[in-house]
Amino acid sequence: MTPVGIDPVSAERAAGTLAIPERAAAAAAEPRRRRLPVLSLGIIGLFVLVAILAPMLSPANPLDQSLRNRFKPPVWMEGGSTAHLLGTDRLGRDILSRIIWGSRVSLAAGVVTVLLASAFGAAVGLVAGYYGGRTDAVLMRVTDATMSFPVILLALILAVTVGPSFTNVVVAIAVILWARYARVIRGQVLTLMGLDFIAQARIAGAGAWRIITRHLLPNTLNTLVVLVTLQVGYVIIVEASLSFLGAGIPPPTPAWGSMIAEGREFVTSAWWASGLPGLAILLVVLAFNVLGDWLRDTLDPKLRQL
């Protein structure tokens, strides 16, 4: 029944008018969807594909030298040729071929190092956060001491004592990098330990191993994935820095850092010898960082509400 003095049509229109702001408010309250970083994924996918298919895509042997063709400019510059699309270095080696094969070194170092460091660091963080007390104190003091040690110095020590190699680079970076994962995962585990589902699991008779693997680890995977993605770019920069200093991948193996080091003396006359490998590092690292930021914004429930 419609109240006396109110036209049914007017009441319906008024209700519809009031519903519009409510719908607008509900739409505004919905989580904002962040666009998929298509460009970053494309760059990462391109370099991964190039690294996998390096023997097929490389136009020349990256180790072949030809002093007659030293410092040939890229194809779009005067004096360039299609035989060397990105030019040659001081020994006449093809820049494009060396960048293609160098992508194998940089991506392999980044992925292997991050996987090793994240696995060990996550295990330390889970154990420290679960047990607490003296176990937590000892593990965190070791973590703090590890984080204070510079990666470059450790790699230089290994290079002097054992010799530069791919294995030494991975070990030197992973030995320091695990502490970052341990610190972050431990903080998240401490938060989870105060929630009801952990107490219910203990009441149900679940042991430490089951709680850590079935309850704590799955709830920290989002954070772990974001950290892994962000750290790949960091490891690539560190590996390139070590190769630049001569403590990374030994020559004549193509590595982006060593290519920059070899061409730095000829920047004014042959910029492509060091500029193009530097551009490859820039693109890959920037792509991983953008992807990591997108994953963080997408997986973090707090940021999803912004």
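Just so it is clear, none of the values below were taken in a lab; they were calculated from the coordinates. As the structure is a prediction and not an experimental result, all values here were calculated from the model. No Cβ is skipped: glycine too gets one built from the backbone with ideal geometry, and neighbour counts run over all protein chains shown.
Using DSSP H assignments, which helices in the chain have an axial alpha-carbon span of 24 Å or above and a mean Kyte-Doolittle hydropathy of -1.0 or higher?
8-29, 95-131, 166-193, 217-245, 272-299
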Item to complete: Assuming R0 = 45 Å, can you tell me the calculated FRET efficiency for the pair Leu282 and Ile203, based on Cβ-Cβ distance, to the nearest 0.05?
Response: 0.25
Fill in: Gain upon complete extension [Ile157, Val142; 0.36 nm per residue less C-alpha separation]
3.4 nm
Discussion item. How would Phe266, Phe197, Phe244 line up from fewest to most surrounding beta-carbon atoms within 10 angstrom?
Written reply: Phe197, Phe266, Phe244
Item to complete: Along Cα→Cβ, 7 Å out, is where each label goes; now give me the distance between the ones at Arg90 and Met193 in nm to one decimal.
Response: 5.6 nm
Worksheet item: Can you give the helix-only mean residue ellipticity at 222 nm for the chain, where every DSSP H stretch with n ≥ 4 adds -39500 (n - 2.57) and the sum goes over all residues, rounded to the nearest 500 deg cm²/dmol?
Response: -23000 deg cm²/dmol
Worksheet item: What percent does the relative contact order of the chain come to when contacts are Cα pairs within less than 8 Å and at least six residues apart?
Response: 23 percent
Worksheet entry | Computed lengthening from Arg134 to Ser269, 0.36 nm per intervening residue step minus Cα-Cα distance | 42.5 nm
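Which chymotrypsin sites (Phe, Trp or Tyr not before Pro) in region 66-110 pass both tests, a DSSP loop state and at most 16 other beta-carbon atoms within 10 Å? Spell out each step's value before the answer.
Details: sites: Phe71, Trp76, Trp101; in loops: Phe71, Trp76.
Hits after loop and neighbour filter: Trp76.
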Fill in: Cα coordinate range in the chain, projected on the principal axes (Å, largest first)
101, 61, 32
Item to complete: Determine which residues of region 92-119 fall in the zone a paramagnetic label at Leu217 would reach in this model, i.e. backbone nitrogen under 17 Å from the point 7 Å along Cα→Cβ.
Response: 115-119
Item to complete: Calculate the length of the line joining the C-alpha centroid of region 75-111 to that of region 133-174, in whole Å.
Response: 33 Å
